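The values are calculated or read from the model by the stated rules, or taken from the named source; none is laboratory data. If you're wondering where the values come from, they're calculated on a predicted model, not measured in any experiment. Positions of Cβ are backbone-derived with ideal geometry, glycine not excepted, and every protein chain shown enters the neighbour counts. Heavy atoms of the whole protein, side chains included, go into the accessibility calculation; ligands, DNA and RNA do not. Shrake-Rupley method; radii C 1.70, N 1.55, O 1.52, S 1.80 Å.
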Amino acid sequence: MHKTIVIGGVIGAYGAKFLAENNEVTLIEEHKNENQPVHCAGLISKSGFERLKINPDKFILNKVRGAKFFSQNTSFEIRTNDTKAYVINRKMFDNELLNSAIDSGVRFINERAIDIQVSENFIVETKSSEFRAKNLVMATGANYKLHRKLNLDVPKFLNALQYEIFAECESDMVELHLTKDFFAWIIPVMDYARVGIAGYGNVKEKLDNFIKNLKQHRKVGEILARQAGLIPIYTPKFKTEYKFSDLNLRLAGDAAAQVKATTGGGVVMGCLAARHLADKNYENGWRMEIGNELYLHLMFRKFLNRKSIKYDDMLMLANKHKHIFYSADMDIASKLLKNLTAEFVRHPLMITDIFKILF
Ligand SMILES: Cc1cc2nc3c(=O)[nH]c(=O)nc-3n(C[C@H](O)[C@H](O)[C@H](O)COP(=O)(O)OP(=O)(O)OC[C@H]3O[C@@H](n4cnc5c(N)ncnc54)[C@H](O)[C@@H]3O)c2cc1C
């Protein structure tokens, strides 16, 4: 059996379980349970859980059946009768995947990997020990300290900030308020909501302004918790597999920027990619499964950002072609592309930019 060290959290734990089928796996993760900082809105598609073959029942906090999009002066909504996504408790979710990895034979080390040496083996140093293996997986999230130490590429990223706060909103609809570079979100949880924003620059100022505006027409209460983080931007050529003579290093999850550029969601895509960690050719394996989808998300994001001054017109157009969006899948962008009608694509608002971005 080959020895493999995995450093990281939820994506690392999910991948470690697959690796453990043929490897002796050590998972090094500095956080566990209560001390785990959450930097996630916890919105995961129902279809995503099905794809990952994970039963979400234990960690569901709320169910949502649609989304409302807001621009400066108008809005557009997709409201269905079915549950489309779950709002989950990330700590419980992460813990479940960790326990599942441990049950599959993965050795868990609850420590920080302080340093990595590359010699005959990877030597991963923690405060109390050293671990050696020829295979290393870094699923270290959007913390690129170890990338820099090993001279690996680092993706570009957006800043994100989220408050858990009492905010008046529909209990089963998420809200996306389009901004110049991304969007602000309101995700109903139980008797509170996760209200956040991602973008470039000072997101605290942006979020505080967003909430100030919200307060003008809705009841908004006190902030219960603050969560900040980075959202890596998917880059098609970002290298996720490195060779150091006979040593093999693989990156997964946010560490590999396997994140949907439309929404910043990385849990489903990261897990789908991590299933390929045990493949002979990892880079090829995960790209075959989700590379095109991540690329399309990136193209949609570029398209939206180009249109930021025309969001009102875009949402009005979307309202006229609502049927296109009803069977869309939060993760599989190609489904939306397939649904686009000639009439929609040929609209003057769409046609020039679609071609500029795709070709
Ligand atoms: C504000 C915000 C909201 C988001 N909302 C959503 C959402 O609603 N839905 C969604 O799908 N995605 C969302 N995301 C993205 C999602 O959180 C990430 O894509 C996902 O957590 C990636 O998982 P990961 O395992 O790669 O990284 P992480 O979840 O960050 O886990 C990495 C773990 O590795 C540990 N680690 C790092 N370095 C070391 C080290 N040297 N030694 C030991 N341990 C180490 C870290 O402490 C961490 O626990 C959001 C992100 C942000 C910032």
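Annotations for the structure displayed:
- Straight-line cross-link partners of residue 307 among the aspartates and glutamates, defined as a Cα under 14 Å from its Cα and at least 8 positions apart when in the same chain: 181, 353.
- Descending semi-axes in whole angstrom, ellipsoid equivalent of the range 162-232, from the Cα gyration tensor: 19, 13, 12
- Distance between the modelled labels on residue 115 and residue 149, one decimal in nanometres: 0.8 nm (7 Å Cα→Cβ projection).
- Each of 60, 72, 37 was scored by the projection of its Cα onto the charge dipole of the range 14-128, and the greatest displacement toward the positive side belongs to 72; charges sit on the C-beta of Lys, Arg, Asp and Glu.
- Counting only residues at least eight positions apart within a chain, or on another chain, the lysines with an alpha carbon under 18 Å from that of residue 206 are 180, 215.
- About its Cα centre, the range 304-358 has a charge dipole of approximately 120 debye under the convention of +1 per Lys or Arg Cβ and -1 per Asp or Glu Cβ, with nothing else charged.
- Fully extending the segment from residue 72 to residue 205, taken as 0.36 nm per residue of separation minus the present Cα-Cα distance, adds 46.1 nm.
- Surface share of carbon and sulfur [accessible, 1.4 angstrom probe, percent] for the range 1-88: 44
- Across the range 304-358, C-alpha contacts under 8 Å between residues 6 or more apart give a mean separation that, scaled by the residue count, equals a relative contact order of 27 percent.
- For the chain, the relative contact order is 19 percent, taking Cα pairs closer than 8 Å that sit 6 or more residues apart in sequence and dividing their mean separation by the residue count.
- Extension gain (nm, one decimal) between residue 218 and residue 171, 0.36 nm per residue minus Cα-Cα: 15.5 nm
- Accessible area in square angstrom per residue, the chain, 1.4 angstrom probe: 48
- Rg ratio (alpha-carbon, reference 2.2 N^0.38 Å) - the range 90-139: 1.31
- Positive end of the dipole of the range 304-358 (Cβ unit charges, origin at the Cα centre): among 336, 318, 348, the Cα lying farthest that way belongs to 348.
- Cα convex hull, the range 304-358: 91 Å³ per residue, rounded to a whole number.
- A simple spin-label model places pseudo-atoms 7 Å from Cα toward Cβ; at residue 316 and residue 99 they are separated by 5.3 nm.
- Rounded to the nearest 20 debye, the dipole size of the range 1-158 about its Cα centre is 540 debye, using +1 on the Cβ of Lys and Arg and -1 on the Cβ of Asp and Glu.
- About the centre of its Cα atoms, the chain shows a dipole size close to 900 debye [charges on the beta carbon of Lys, Arg (+1) and Asp, Glu (-1) only; nearest 20 debye].
- Globularity ratio of the chain, using Cα Rg and 2.2 N^0.38 Å: 1.01
- Ordering of 219-226, 172-179, 207-214, 257-264 by packing is 257-264, 172-179, 207-214, 219-226, highest average first (other Cβ atoms within 10 Å, averaged per residue).
- Simple spin-label estimate for residue 233 and residue 50 in nanometres, 7 Å along Cα-Cβ: 3.3
- Listed peptides 12-23, 157-168, 94-105 by packing density, highest first (mean Cβ within 10 Å): 12-23, 157-168, 94-105
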